[in-house]
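The values are calculated or read from the model by the stated rules, or taken from the named source; none is laboratory data. Treat the numbers as computed from the prediction; the structure is a model and nothing was measured. As a convention, Cβ positions derive from the backbone with ideal geometry for all residues, glycine included, and neighbour counts pool all protein chains shown. Surface accessibility is based on the protein's heavy atoms, side chains included, excluding ligands, DNA and RNA. Shrake-Rupley method; radii C 1.70, N 1.55, O 1.52, S 1.80 Å.
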Amino acid sequence: MTQPIRSFVRRSGRITKAQQHALDTLWSIYGVDTDQMLDLDTLFGRKAEKHFEIGFGRGDTLVTMAKTHPEHDYFGIDVHRPGIGHLLMEIKAAQLTNVRVLCADAVDVLQYHLPPQSLDTVYLFFPDPWPKKRHHKRRLVQSDFVQLLAGRIKSGGCLHLATDWQNYAEHILQVLEAAPEFVNCVTGGGFSPRPSTRPLTKFEQRGLRLGHDVWDLLYLRQ
Ligand SMILES: C[S@@+](CC[C@H](N)C(=O)[O-])C[C@H]1O[C@@H](n2cnc3c(N)ncnc32)[C@H](O)[C@@H]1O
């Protein structure tokens, strides 16, 4: 059987003692195992808007958004264990009850574990740019992925992406403009000014220090 093309490489990366301890002790509280279809209201124990961040890195953005909007539920997914450990510590420190964490490939979870029309907002901030042309097929945002998102985001829901890689930004714009389920929130189309609701991510701060521009894309699920 051929292996699916993944948008990430599992880095063994150094994990601190504190991050490992958080994984060992906090996963059972905030972690979500992806062995079956998820019932999001049951997971959070209430009915509230469900916001999903794909590839949260260290999770600082997710925590900031969850603190700002305690009336919404937030869950994020990544595969990088040190970052997941970091996020678990931050959730505990802030005593947040509206955040859950997944450790899996977002493509699999969208496909097999999230019910249709179950998400109010999906965030994808600074996805791995895979800059070399021969690696472009590993980029997360492709038309199949956008179709998957269209099936999981509610009508009237929102898709917010940002990247500091111009060539990827143009690719994302092209893919989304070709998707009839999504309509650009910017009158006349194109990139969006950075919404004040998007916290600066760690990855973005590094890019800004290096002089990178940032492109935001905001779409409404029709
Ligand atoms: C460039 S980092 C950006 C992290 C964060 N959003 C930020 O802006 O600081 C991209 C992240 O996406 C994660 N990622 C890539 N593909 C993924 C996938 N298919 N499922 C879950 N996480 C993924 C990587 O592990 C990595 O942590």
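Remarks
- Complete set of residues in region 109-137 that are within 13 Å of the ligand (Cβ to nearest atom), out of contact with any Lys or Arg (no Cβ under 6 Å at 6 or more places or on another chain) and under 16 Å from Glu53 (Cα atoms): Val109, Gln111, His113, Val122, Tyr123, Leu124, Phe125, Phe126, Pro127, Asp128
- Verdict on Thr16 being open to solvent by less than 50 Å² (accessible area, probe 1.4 Å), touching a residue at least 40 places away in the same chain (Cβ under 8 Å), touching a strand residue (DSSP E or B) at 6+ places or on another chain (Cβ under 7 Å) and polar (S, T, N, Q): no
- Boolean, Asp24 is away from the ligand (no atom under 16 Å from the Cβ) and open to solvent by less than 60 Å² (accessible area, probe 1.4 Å): no
- Members of region 44-65 that are farther than 27 Å from Arg139 by Cα and touching a strand residue (DSSP E or B) at 6+ places or on another chain (Cβ under 6 Å): Phe44, Ala48, Glu49
- The set of residues from region 33-51 being more than 20 Å from Gly157 (Cβ to Cβ) and within 16 Å of the ligand (Cβ to nearest atom) comprises Asp33, Thr34.
- If you go through region 52-82 and keep only what is more than 7 Å from the ligand (Cβ to nearest atom), in a loop (DSSP other than H, G, I, E, B) and farther than 14 Å from Gly31 by Cα, you end up with His69, Pro70, Glu71, His72.
- When we screen Gly85, Gly13 for residues that are of a type outside the set (Asp, Glu), assigned to a loop (DSSP other than H, G, I, E, B) and over 25 Å from Ser155 (Cα atoms), the only hit is Gly13.
- Gln117 being at pLDDT 95 or above, open to solvent by 70 Å² or more (accessible area, probe 1.4 Å), under 28 Å from Thr68 (Cα atoms) and touching a Phe, Trp or Tyr at 6+ places or on another chain (Cβ under 8 Å): no
- Leu119 meets each of the listed conditions (1) out of contact with any Gly (no Cβ under 7 Å at 6 or more places or on another chain); (2) within 20 Å of Tyr219 (Cβ to Cβ) apart from (1).
- Residues (in contact with a strand residue (DSSP E or B) (Cβ under 7 Å, 6 or more places away or on another chain), under 25 Å from Ser118 (Cβ atoms) and outside any strand (DSSP E or B)) located in region 147-176: Leu149, Ala150, Arg152, Ile172, Leu176
- Remark: Arg10 matches the filter, which requires a residue to be of a type outside the set (Phe, Trp, Tyr), more than 22 Å from Pro116 (Cβ to Cβ) and surrounded by fewer than 16 Cβ atoms within 10 Å (Cβ to Cβ).
- Within region 92-112, the set of residues being open to solvent by 30 Å² or more (accessible area, probe 1.4 Å) and either over 14 Å from Ser7 (Cβ atoms) or small (Gly, Ala, Ser) (or both) comprises Lys92, Ala93, Ala94, Gln95, Thr97, Arg100, Cys103, Tyr112.
- Some residue of region 88-108 being more than 15 Å from the ligand (Cβ to nearest atom), at pLDDT below 95 and in a helix (DSSP H, G or I): no
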